[in-house]
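The values are calculated or read from the model by the stated rules, or taken from the named source; none is laboratory data. Keep in mind it's a predicted model, so treat the numbers as computed, not measured. Neighbour counts are summed over all protein chains in view; Cβ atoms, including those assigned to glycine, are modelled from backbone coordinates with ideal geometry. Just so you know, the surface numbers come from the protein's heavy atoms only, side chains and all, with ligands and any DNA or RNA stripped out. Shrake-Rupley method; radii C 1.70, N 1.55, O 1.52, S 1.80 Å.
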Amino acid sequence: MRSSLFSRRTIRQGAISAVGSAKMKLMLGCCVLLTLIVLASRTASYDGWNRYAVAPRGSSLPRKGYTLLINTWKRNDLLKQSISHYATCPGLESIHIVWSEPNPPSKSLINFLTNVIKLNSKDGRVAELMFDINKEDSLNNRFKEIKDLKSDVVFSIDDDIIFPCATVEFAFSVWQSAPDAMVGFVPRIHWVDKLNNGQDTYVYSGWWSVWWTGTYSIILSKAAFFHKKYLSMYTNEMPSSIREYVTKNRNCEDIAMSFLVANATGAPPIWVKGNIFEIGSSGISSLGGHTERRSECVNHFVAEYGGMPLVPTSVKAVDSRHCWFW
């Protein structure tokens, strides 16, 4: 009798164990499958900037778009590629190309860009295309005042970097929440130079310092949103000695703009996390002594302003739709 009871209990326990084991295997299988699906979907999103989904047009935000202010110099192929991409972004109102070359833009270039913009127009809205022709070759040209802009905000961008439209639209929405701030994708930081006998001098530091400390005080204008009023202030109100310094040294117009905005607001810029796709060769930042020259700019501008207006911060805007954790 006991032997029979023991046998039935053993069989029952074995069956329960087998069912439990099957459930565990099923749960593990589901977890693995779900992980593979998520990885596959994210891998697809990294295939390139062309494949990012653009932000939906039916946004609840008030939609008054932005002006693309693009700086270029004898790189028509890059300019065509950039305009062809940004013309597909839903928030684009107009395109202003800062042109400082000795020869005017060719008819073939103008016709190509005009056709690209028309082909990508939606809902009957065609973005305005303008070439801002400058006789003088100066880095200050990218911040010259532009009369009768269609929008209150400009998206300042170099011709050799691309951001997905969804990323651009997200940064635009961040700017809408803080329209006096400079909002962009490329942060930098300044430090007090403690090795200079206690004097108030500063060191400009690049991406690795931002990454290591999580702190920044500058947003580079190679990829940034800011209010159009700062173009007028840069041209008409900023000390002319700063513009002269930028022209002479062919550097630091972006730092000058960061100083201008920080001095006007007393607040830090806003860094938006985004994937950068570089489509051109390296610029002046790859040359030797770049950091030293940028540090000289910072200290020169501090002397002009009579103090350091830049405000460090650790705030970062992240689009949670494209993040693993938030």
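The table below gives the values:
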| item | result |
| --- | --- |
| Identity of the residue in the range 133-151, of a type outside the set (Lys, Arg) and more than 23 Å from the chain's Cα centre (by Cα), that ends up most open to solvent (accessible area, probe 1.4 Å) | Asp148 |
| Checking Ser258 against (1) more than 15 Å from Met308 (Cα to Cα); (2) open to solvent by less than 30 Å² (accessible area, probe 1.4 Å); (3) touching a residue at least 40 places away in the same chain (Cβ under 8 Å), the condition it does not meet | (1) |
| Single residue of Lys107, Lys147 found to be without any contact (Cβ under 8 Å) to a residue 40 or more places away in the chain and closer than 16 Å to Leu231 by Cβ | Lys147 |
| Selected residue (only one of Ala264, Ala171 is part of a helix (DSSP H, G or I) and surrounded by 21 or more Cβ atoms within 10 Å (Cβ to Cβ)) | Ala171 |
| Residue within the range 186-193 that is of a type in the set (D, E, K, R), in a loop (DSSP other than H, G, I, E, B) and over 24 Å from the mean Cα position of the chain (by Cα) present | yes |
| Hits in the range 235-255 - residues which are in a helix (DSSP H, G or I) and either among the charged types (D, E, K, R) or surrounded by 19 or more Cβ atoms within 10 Å (Cβ to Cβ) (or both) | Ile242, Arg243, Glu244, Tyr245, Val246, Lys248, Glu253, Asp254, Ile255 |
| The range 104-120 - residue that is outside any helix (DSSP H, G or I) and crowded, with 16+ Cβ neighbours inside 10 Å and, of those, modelled with the lowest pLDDT | Asn120 |
| Test: residue in the range 222-234 that is surrounded by 13 or more Cβ atoms within 10 Å (Cβ to Cβ), among the hydroxyl-bearing types (Ser, Thr, Tyr) and assigned to a loop (DSSP other than H, G, I, E, B) | no |
| Number of the condition not met by Gln176 [criteria: (1) open to solvent by 30 Å² or more (accessible area, probe 1.4 Å); (2) in a helix (DSSP H, G or I); (3) free of Cβ contacts under 8 Å to residues at least 60 places away in the same chain] | (3) |
| Hits in the range 89-123 (condition: in contact with a Pro (Cβ under 9 Å, 6 or more places away or on another chain) and among the aromatic types (Phe, Trp, Tyr)) | Trp99 |
